[in-house]
Amino acid sequence: MLLAQRGLSVLVVEKDPFPRYHVGESLTGTGGDFIARVGLADQMAAFDFPAKPGVKVVGREGAKYFVPVLRPTWQVRRAEFDNLLLEHAMAKGAEHVLGTVTDVILDGERVVGLTLSTAAGDEQSLRCSMVIDASGQGVFMSRKEIAGPRRVAAFSRQIALYSQFKGVEPDVGEQFNSTVIFYRDTYHWAWLIPISSDTVSIGIVLPTTSYKLRGGTAKAAMAWGLGHLNAELTERTREAEQVEDMHVSRNYSYRVDPFVGPGWLCVGDSHCFTDPIFSFGASLAMTEAEAAADTVAAAIADPSAEPELLASYAHYCNTGQGRASELIRYFWKFPAFFKFLTQGQYRDDLIRLLAGDCFTPEPLPATLEMRANLDDSPVLQRIPAGRARDIAARIYRRFDFFQGVDAAFLELCEDAVMISFILSEDDIDLYDSLRDFEEQLVADFGRDDLAIFSFTPDIIDAMPSVANAFPIVDRRPAAQRAMPQAEGDGGGML
Amino acid sequence: MNATEVNQALEGFITEKLLHGDGADLTLQTPLLEYGIVDSLAMVSLLTFVQNSFGVTIPDGEVSPRNFKTIEALSALIMRVHGEASNGA
Ligand SMILES: Cc1cc2nc3c(=O)[nH]c(=O)nc-3n(C[C@H](O)[C@H](O)[C@H](O)COP(=O)(O)OP(=O)(O)OC[C@H]3O[C@@H](n4cnc5c(N)ncnc54)[C@H](O)[C@@H]3O)c2cc1C
């Protein structure tokens with residue numbers, strides 16, 4: 001719609017007939033802004049979409065706090081909302097084909113078109129000045145090896161089960177129609193999002209290891225979540241009746257890089273998705289879409305400027321996605337402190353960040369504060385500064401959040417760095433994630449003088465002593481850890 | 001009130017209440033957050049202890065991991081807030 005209204009000729013190819021169910025029902029303040037800017041606010045009123053006042057966070061032992069929205073926004077049923085966007089695009093002059101994009105057409109390095117198979121059964125080839133990949137978790141350009149590989153990111157190895165329910169008790173007062181986040185232990189959480197006057201979306205999110213323990217089926221895990229995740233959730237859903245199919249997503253956090261190139265760029269989930277706890281996905285995709293439209297229009301007007309325009313678009317997206325993911329990391333790493341961050345001098349910044357206002361040229365002070373806390377660890381300070389500490393910092397940042405890795409150690413022999421991971425289970429998905437992470441380490445730090453070993457529970461006895469190693473992360477129960485060593489002897493054992 | 005007294009009081013509280021007496025390895029630099037010694041629940045009791053023992057109320061904006069990562073860091077924060085409060089009085 002953004003391109004069509006500038007008079008460009010636009011073809012939207014979508015494989016599913018709209019309206020269709022989609023997850024991602026809570027919008028943030030910047031999503032509300034987008035809707036207002038494109039002139040859809042009045043039309044939104046025709047749907048029974050709840051106005052969203054903010055986010056209520058309910059922790060363990062009933063700790064609760066509320067963060068209001070920055071600007072008016074909505075909770076939506078994506079079937080109708082996405083259809084509204086599609087119809088609006090067509091009203092602005094975009095053409096729509098129901099079909100699946102099957103491949104790209106290349107001229108040298110440049111993407112110059114697409115092949116598609118339409119729902120009517122035709123195979124078509126199309127030439128165009130620019131391809132925008134908005135294929136969501138399908139990561140089309142990455143699968144075609146035009147964009148970079150899909151790399152797992154922190155918060156991977158989680159599974160979400162979700163559906164829609166009637167008969168759920170609403171919040172009252174200023175929090176009526178808020179998004180509610182219930183969390184229990186790290187990475188065990190649930191959302192409750194009212195999506196009409198009588199229906200709410202509920203999702204239960206668990207680490208995959210925990211999911212297996214809860215019966216290993218979507219139905220069993222949903223029942224466990226509603227019954228045990230949080231007392232308020234249990235109470236409010238006592239009379240709930242499920243009115244939509246059960247949907248499941250897993251291992252959904254990743255990044256694709258690079259995600260722009262000659263004749264093409266990616267928007268939204270087609271290049272990046274991080275843990276959905278703060279409902280950023282749809283709103284970030286809309287913010288990126290506006291930047292993508294500016295980029296494409298400018299590149300078509302001045303093809304010689306395309307490389308520079310694409311680079312600055314990529315930088316813009318990385319800035320926003322990076323800040324959103326720092327907020328999420330901070331929440332999971334320091335849940336008890338997050339509440340204080342929303343209440344002290346950083347409150348206004350937090351309201352902005354939670355609204356999706358993550359793309360400002362300079363980071364907000366709250367982001368700097370979170371970053372300092374995330375990166376500054378006494379555990380890292382013990383490792384000699386330089387390459388070893390940089391490697392440790394990378395692992396520290398990731399494995400704090402990586403399900404399935406119980407501990408990571410770094411040992412230095414002269415200049416060589418040896419990393420040992422202790423895995424909590426023997427699991428193929430875990431190996432894949434780990435291999436992927438190892439490749440990233442080697443790509444960034446070089447293969448020379450870097451050795452990486454993994455030990456599963458069955459071969460843990462074969463692991464060499466870590467008495468002289470630096471622990472980077474150690475989440476094993478105290479009894480399984482090595483014996484403490486005195487401070488200051490250079491060993492730095494737990 | 002001086003830093004040594006604050007350090008000792010904090011060590012005592014953490015050993016007794018959070019480590020259930022098993023504080024042999026606790027030092028001023030032990031990473032309290034990484035080792036899971038201070039979690040959400042422990043933090044609430046720690047804040048209450050600081051308030052009751054030193055009469056210091058830590059402002060919300062200072063309740064951050066940076067200030068709670070070690071006894072040393074927390075003690076420095078308490079001294080600073082205490083100093084600011086008495087200078088302001
Ligand atoms: C568990 C979970 C909970 C979430 N909760 C929220 C939330 O509360 N709020 C929020 O904002 N976001 C949430 N999200 C994220 C949100 O769903 C996405 O970020 C958002 O939908 C991204 O939009 P998009 O346009 O990039 O991709 P999508 O909305 O996924 O759209 C991609 C479209 O491309 C089509 N397509 C794909 N491949 C092809 C092809 N080859 N040819 C033709 N068409 C194709 C698909 O059919 C689809 O319609 C959640 C995600 C998950 C996994």
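Calculate the FRET efficiency for B:Asn2 and A:Ala220 from the Cβ-Cβ distance with a Förster distance of 56 Å, rounded to the nearest 0.05.
0.45
With +1 on the Cβ of every Lys and Arg and -1 on the Cβ of every Asp and Glu, and nothing else charged, how large is the dipole of the range B:3-86 about its Cα centre, in debye rounded to the nearest 20?
140 debye
Which trypsin sites (Lys or Arg not before Pro) from the range A:416-475 combine a DSSP loop assignment with at most 14 other Cβ atoms within 10 Å? If you can, show how the numbers build up before the last one.
Numbers: sites: A:Arg435, A:Arg447, A:Arg475; in loops: A:Arg447, A:Arg475.
Of the trypsin sites (Lys or Arg not before Pro), the ones in loops of the range A:416-475 whose Cβ has at most 14 other Cβ atoms within 10 Å are A:Arg447.
So what are the ³J(HN,Hα) numbers for the range B:80-86, from phi and the Karplus equation (6.51, -1.76, 1.60; θ = phi - 60°), rounded to whole Hz, Gly and Pro as x?
5, 5, 4, x, 5, 5, 6
Once Lys and Arg get +1 and Asp and Glu get -1 on their Cβ, which of A:Ala190, A:Tyr330, A:Gly404 lies farthest toward the positive end of the dipole of the protein assembly as shown?
Comparing the listed Cα positions along the dipole, A:Ala190 ranks first.
Pairs of alpha-carbon atoms within less than 8 angstrom and 6+ residues apart define the contacts here; what relative contact order does chain A have, in percent?
With pairs under 8 Å counted, the relative contact order is 14 percent.
Rounded to the nearest Å, what's the spacing between the alpha carbon centres of the range A:159-205 and the range A:407-453? Just the number, please.
38 Å
So how strong a dipole does the protein assembly as shown carry about its Cα centre when Lys and Arg Cβ are +1 and Asp and Glu Cβ are -1, to the nearest 20 debye?
Numbers: 50 positive and 79 negative charges, 160 e Å.
Around 760 debye, computed over the protein assembly as shown.
Need one number: nm distance between label points at A:His96 and A:Asp42, each 7 Å from Cα along Cα→Cβ, rounded to one decimal.
2.1 nm
What FRET efficiency do you get for A:Glu235 and B:Ala76 if R0 is 60 Å and r is their Cβ-Cβ distance, rounded to the nearest 0.05?
After rounding, the FRET efficiency stands at 0.90.
Can you give the extra length, in nm with one decimal, that the chain gains between A:Ile105 and A:Arg435 once fully stretched, where that is 0.36 nm per residue apart less the Cα-Cα distance?
Taking A:Ile105 through A:Arg435 to full extension adds about 115.6 nm, to one decimal.
Multiplying the sequence separation of A:Arg71 and A:Arg143 by 0.36 nm and subtracting their Cα-Cα distance, what value in nm do you get?
Length difference between fully extended and current span is 22.2 nm.
Quick one: 3J(HN,Hα) in Hz for the range A:178-184, Karplus 6.51/-1.76/1.60 with θ = phi - 60°, rounded, Gly and Pro as x.
Rounded to whole hertz, the list is 5, 7, 10, 10, 9, 10, 10.
Residues with amide H under 5 Å of A:Gly113's amide H, sequence separation 5 or more or different chain, H placed in the peptide plane at 1.01 Å from N; which?
Those qualifying (amide H under 5 Å, at least 5 residues apart or on another chain) are A:Ile105, A:Cys128.
List the residues whose amide H sits under 5 Å from the amide H of A:Asp406, counting only those 5 or more places along or on another chain, with H placed 1.01 Å from N in the peptide plane.
Placed amide hydrogens put A:Ile422, A:Leu423, A:Ser424 under 5 Å from A:Asp406.
If I model a spin label as a point 7 Å beyond the Cα along the Cα-Cβ vector, how far apart are those points for A:Ala372 and A:Met246 in nm?
Between A:Ala372 and A:Met246, the label points sit 4.7 nm apart.
Run through the DSSP bridge list for the protein assembly as shown and note the antiparallel percent, rounded to the nearest 5.
Rounded to the nearest five, the antiparallel share is 80 percent.
What does the charge dipole of the range A:378-481 about its Cα centre add up to, to the nearest 20 debye, if the Cβ of each Lys and Arg holds +1 and the Cβ of each Asp and Glu holds -1?
560 debye
Towards the positive end of the charge dipole of the protein assembly as shown, with charges on Cβ (+1 Lys, Arg; -1 Asp, Glu), say which of A:His88, A:Ala51, A:Ile159 has the farthest Cα.
In the protein assembly as shown, that residue is A:Ala51.
Under 12 Å from a point 7 Å along the Cα-to-Cβ line of B:Gln29: which residues of the range A:355-388 have their amide N that close?
Under cut-off, by backbone N: A:378-384.
Out of B:His82, B:Leu46, B:Ala3, whose Cα points farthest toward the positive end of the dipole of the range B:3-86 (charges: +1 Lys, Arg; -1 Asp, Glu; placed on Cβ)?
B:His82
Counting only GluC sites (Glu not before Pro) that are in a DSSP loop and have at most 10 other C-beta atoms within 10 Å, tell me the longest site-free stretch of chain A.
Maximal segment without exposed cleavage sites: A:240-413.
Per residue of the range A:215-231, what does 6.51 cos²θ - 1.76 cosθ + 1.60 with θ = phi - 60° give for ³J(HN,Hα)? Whole Hz please, x for Gly and Pro, Karplus curve as stated.
Result, rounded to whole Hz: x, x, 10, 4, 5, 5, 5, 5, 4, 4, x, 5, x, 10, 5, 7, 4.
Please report the antiparallel percentage of the DSSP beta bridges confined to the range A:378-481, to the nearest 5.
The answer is about 65 percent antiparallel.
Read-outs: derived from the displayed coordinates by stated rules, not from any lab. Note that the coordinates shown come from a computational prediction; the quantities given were computed from them, not determined experimentally. Because the Cβ atoms are built from the backbone with ideal geometry, glycine has one as well, and the counts that use them run over all protein chains shown.
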